[in-house]
Amino acid sequence: MKKRIILLTAALLALSLLCSCTLSLAEQDGKLIDKRNGITYIGAPICFEPSNIDSEVYARCKKLKIELYPITGQPTSEWLSEPYDGIGGVWYADTITLPTLEEFDADKLYICVESVITTALGVVTDKTDIDAVADSFINGTPGNIVNSGKSYKVKFASEKYPGIFYNLLYIVGDDGKNYIYDRSTKTCVEVGDVLTKYISGESQ
């Protein structure tokens, strides 16, 4: 009987130690506060997504009822992510400045369709083509938001920001024109045929 009590006590202690490893974050004015490490996290615009998150919970915020996970390849002192399956927020430390699409310096681009799950139709690895896509959006003239057409997610990836996607929408409009739309800034730019050959399957 004494042996069972000892084993039970040891198990409870191990569980307690395991739970204590998970940070508790406070919510204040829409931000998440890590008092233990002196870090304040801010919710990132929805154009930022994790490409991969670790399996173990790193922190919890009871007030918002969310769990936060490390983004694979990024320090937890700078980036965290909610559980992600197409929906879920990314949080970043207020000590860093979010990159613009140009500063993100993408070297890979995934073209995806989304229904129940997100499926990649193709991957663009030609840096010239990727830069052309980014440049067409950055330097294009914003116009009205397109209300009808076929939409694709274009997820930019960069060695400078491993584990993170810069996600925009590519829309083949019913008007015969092509657009890129940033949902976070509500910016819509006509971009010509920069991705046509990849969407149509002419290039893989």
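Of the residues making up the range 46-64, those that are open to solvent by less than 50 Å² (accessible area, probe 1.4 Å) and either assigned to a strand (DSSP E or B) or closer than 22 Å to Ser184 by Cα (or both) are Cys47, Phe48, Glu49, Pro50, Ile53, Ala59, Cys61. Across the range 173-189, not a single residue is classified as open to solvent by less than 20 Å² (accessible area, probe 1.4 Å), closer than 15 Å to Leu101 by Cα and among the aromatic types (Phe, Trp, Tyr). Scanning the range 137-164 for residues that are open to solvent by 30 Å² or more (accessible area, probe 1.4 Å) and under 15 Å from the mean Cα position of the chain (by Cα) yields Glu159, Lys160, Tyr161, Pro162.
Candidates in the range 121-137 are the residues that are out of contact with any Asp or Glu (no Cβ under 9 Å at 6 or more places or on another chain) and over 22 Å from Ser184 (Cα atoms); of these, the one that is modelled with the lowest pLDDT is Leu121. Candidates in the range 65-101 are the residues that are modelled with pLDDT under 95 and open to solvent by 70 Å² or more (accessible area, probe 1.4 Å); of these, the one that is farthest from Lys197 (Cα to Cα) is Lys65. Take the conditions touching a residue at least 24 places away in the same chain (Cβ under 8 Å) and touching a helix residue (DSSP H, G or I) at 6+ places or on another chain (Cβ under 6 Å) and apply them to Ala134. Does it pass? So Ala134 passes the test. Taking (1) open to solvent by 70 Å² or more (accessible area, probe 1.4 Å); (2) in contact with a Lys or Arg (Cβ under 8 Å, 6 or more places away or on another chain); (3) under 18 Å from Ser51 (Cβ atoms); (4) in contact (Cβ under 8 Å) with a residue 60 or more places away in the chain in turn, Leu121 satisfies each apart from (2).
The values are calculated or read from the model by the stated rules, or taken from the named source; none is laboratory data. Everything numeric in this text was worked out from a predicted model, so none of it was measured. Cβ: placed from backbone, ideal geometry, glycine included. Neighbour counts: every protein chain shown. Surface areas here come from the heavy atoms of the whole protein model, side chains and all, with no ligands, DNA or RNA. Shrake-Rupley method; radii C 1.70, N 1.55, O 1.52, S 1.80 Å.
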